[in-house]
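The values are calculated or read from the model by the stated rules, or taken from the named source; none is laboratory data. Please read all numbers here as calculations on a predicted model, not as lab measurements. Glycine gets a Cβ as well: all are built from the backbone with ideal geometry, and neighbour counts include every protein chain shown.
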Amino acid sequence: MKAFKYILFLLLIIIIGTSLYIAVQPNSYSFSRSRVINAPSAVLFNEVNDYKNWTNFSPWLEQEPDAALTYLDKTSGVDAGYAWNGKILGEGNMTTLSLEENKAISQKLNFITPFESQSDIDWSFEPENEGTKVTWSMSGKQDFMTKMYTAFSGPIEESVGPDFDRGLFKLDSVAVASMKKYSINVIGVTQHGGGYYLYNTASCKINELSTKMQNMLPKVIAYAENNNIQTAGMPFVNYHKWDEENNAVMFSCCMPTTEKVISSESDILTGQLLPFKAVKTVLKGNYTNLTEAWKKGMNYIPENGLEALENGPTIEVYSNLTANNPNPAEWLTEIYIAIKPLDD
């Protein structure tokens, strides 16, 4: 009997000791993981902001891709949310509480099973060099059940931190891959309407073209805006000469106008394109794919019994400006190569 009492007493001491050990665990937790990703902050923000994208980078959905997912009517922005239910993941949901466009997102994470708990999730997107520093944070209160779990399995950061690292790695891969997507579509023969335009002109080495254009095109656009000139479309570049053998190009950066405008600045001139037949090619994607797009458009001409018009217009129209489309995969460029009239 005495031995039995001693055993009961020992068990009581163990229970009390264990309870005290659990009780003195921290009342809250907070940790974060960061990664610099070579992508604009807007691209990464948009990826995280829409819960339908989480299957692309969530380290937990990667563990159980067959988990049942349900979405609220709103999947991005404030009050958006989704829920999951799986054998491995358990049951839970997440909602967006607030956000600052392209800079920060705050979310609430709720676990229902295997035990109830709530956590605050925060994202920040900070421009850094040519990329973005993405920080993924988690914080919350530790009730007795959570303390008991962490007392025996280790701090939440110890078990969840590696998942955050994995998620950021996957987000990096997804974002970079998404920006590399492109398509080229040769539309075929079309009629370009021509029209008046403002322009500036320069000659340079082919390898200097991109830098030169980035300086010249904004000046033409700004001139039209600052002088309240009504424009008639999107900016374009007209190539007058392309000499690969001598690494030389001559081109004009242009802004179409609804009427003839006499410029008050010596380096901004007025021009006119007469209507012309052209082979039209559309590139959706990064400008780095323009060489391939031009090649496909040029090849289409002889392959279809057509003939390029010597000294005719060869232009690139930037259908949506990059400032409004941070993801290069969404950039649209229209290429027009003048051809001889079909009845010649």
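Val261 versus (1) closer than 28 Å to Ala222 by Cα; (2) of a type in the set (A, V, I, L, M, F, W, C); (3) touching a Leu at 6+ places or on another chain (Cβ under 8 Å); (4) outside any loop (DSSP other than H, G, I, E, B): which is the lone unmet condition?
It is condition (4) that Val261 fails.
Residues in region 300-344 that are in a helix (DSSP H, G or I), at pLDDT 85 or above and among the hydroxyl-bearing types (Ser, Thr, Tyr): how many? Break it down into steps so the answer makes sense when it comes.
Quick first cut of region 300-344, residues in a helix (DSSP H, G or I) only: 300-303, 322-324, 328-330.
From the residues that got through so far, the ones that are at pLDDT 85 or above too are 300-303, 328-330.
Next, only the ones that are among the hydroxyl-bearing types (Ser, Thr, Tyr) stay: 300.
Adding up the residues that qualify gives 1.
Limited to region 286-299, what total is found for residues that are touching a residue at least 60 places away in the same chain (Cβ under 8 Å) and either among the charged types (D, E, K, R) or not in a helix (DSSP H, G or I) (or both)?
Summing the residues that are touching a residue at least 60 places away in the same chain (Cβ under 8 Å) and either among the charged types (D, E, K, R) or not in a helix (DSSP H, G or I) (or both) in region 286-299 gives 3.
Select from region 270-300 the residues that are of a type in the set (A, V, I, L, M), surrounded by 17 or more Cβ atoms within 10 Å (Cβ to Cβ) and farther than 30 Å from Met179 by Cα and list them in ascending order.
Once the filter is applied, which keeps residues that are of a type in the set (A, V, I, L, M), surrounded by 17 or more Cβ atoms within 10 Å (Cβ to Cβ) and farther than 30 Å from Met179 by Cα, region 270-300 yields only Leu273.
Evaluate the following for Glu128: is it at pLDDT 80 or above and farther than 24 Å from Lys87 by Cβ? Outline the logic, then answer.
Working: at pLDDT 80 or above: yes; farther than 24 Å from Lys87 by Cβ: yes.
So Glu128 fits the description; yes.
List pairs: first residue in region 316-342 and acidic (Asp, Glu), second residue at pLDDT 95 or above and not in a strand (DSSP E or B) anywhere in the structure, Cβ distance under 7 angstrom, at least six positions apart or on different chains.
Every condition considered, no pair remains.
Which number in (1) outside any strand (DSSP E or B); (2) among the hydrophobic types (A, V, I, L, M, F, W, C); (3) modelled with pLDDT of 95 or more marks the one condition that Val282 misses?
With (1) outside any strand (DSSP E or B); (2) among the hydrophobic types (A, V, I, L, M, F, W, C); (3) modelled with pLDDT of 95 or more applied to Val282, the lone miss is (1).
Collect the residues in region 170-229 that are outside any helix (DSSP H, G or I) and aromatic (Phe, Trp, Tyr), keeping them in residue-number order. Spell out the reasoning first.
Going through region 170-229, the residues outside any helix (DSSP H, G or I) turn out to be 180-205, 227-229.
Result: Tyr182, Tyr196, Tyr197, Tyr199.
Going by the conditions given, is Tyr239 touching a Pro at 6+ places or on another chain (Cβ under 8 Å) and among the hydroxyl-bearing types (Ser, Thr, Tyr)? Give the steps one after another, and end with the answer.
On the way: touching a Pro at 6+ places or on another chain (Cβ under 8 Å): no; among the hydroxyl-bearing types (Ser, Thr, Tyr): yes.
Judged against the criteria, Tyr239 is not a match.
Quick one: would you say Thr113 is under 16 Å from Trp60 (Cα atoms), free of Cβ contacts under 8 Å to residues at least 24 places away in the same chain, in the same structural domain as Trp60 (by TED's automatic domain parsing) and hydroxyl-bearing (Ser, Thr, Tyr)? Write out each step before concluding.
Numbers: under 16 Å from Trp60 (Cα atoms): yes; free of Cβ contacts under 8 Å to residues at least 24 places away in the same chain: yes; in the same structural domain as Trp60 (by TED's automatic domain parsing): yes; hydroxyl-bearing (Ser, Thr, Tyr): yes.
For Thr113, the condition - under 16 Å from Trp60 (Cα atoms), free of Cβ contacts under 8 Å to residues at least 24 places away in the same chain, in the same structural domain as Trp60 (by TED's automatic domain parsing) and hydroxyl-bearing (Ser, Thr, Tyr) - is met.
Take the conditions touching a strand residue (DSSP E or B) at 6+ places or on another chain (Cβ under 9 Å) and either modelled with pLDDT of 95 or more or assigned by TED's automatic domain parsing to the domain that holds Gln230 (or both) and apply them to Thr288. Does it pass?
In short, no.
Of the residues in region 247-258, how many are surrounded by 12 or more Cβ atoms within 10 Å (Cβ to Cβ) and either part of a loop (DSSP other than H, G, I, E, B) or hydrophobic (A, V, I, L, M, F, W, C) (or both)?
8
Please work out which one of (1) out of contact with any Leu (no Cβ under 6 Å at 6 or more places or on another chain); (2) surrounded by 15 or more Cβ atoms within 10 Å (Cβ to Cβ) is the condition Gln63 fails and give its number.
Answer for Gln63: the failing condition is (2).
Please verify whether region 239-246 includes one or more residues that are in the same structural domain as Trp331 (by TED's automatic domain parsing), outside any strand (DSSP E or B) and within 29 Å of the chain's Cα centre (by Cα). If you could, list the steps in order and put the result at the bottom.
So the first thing to find is which residues in region 239-246 are in the same structural domain as Trp331 (by TED's automatic domain parsing), and the list is 239-246.
After this cut, where a residue has to be outside any strand (DSSP E or B) as well, the list is 244-246.
Still in the list and also within 29 Å of the chain's Cα centre (by Cα): none.
No, there is no match, as no residue in region 239-246 is in the same structural domain as Trp331 (by TED's automatic domain parsing), outside any strand (DSSP E or B) and within 29 Å of the chain's Cα centre (by Cα).
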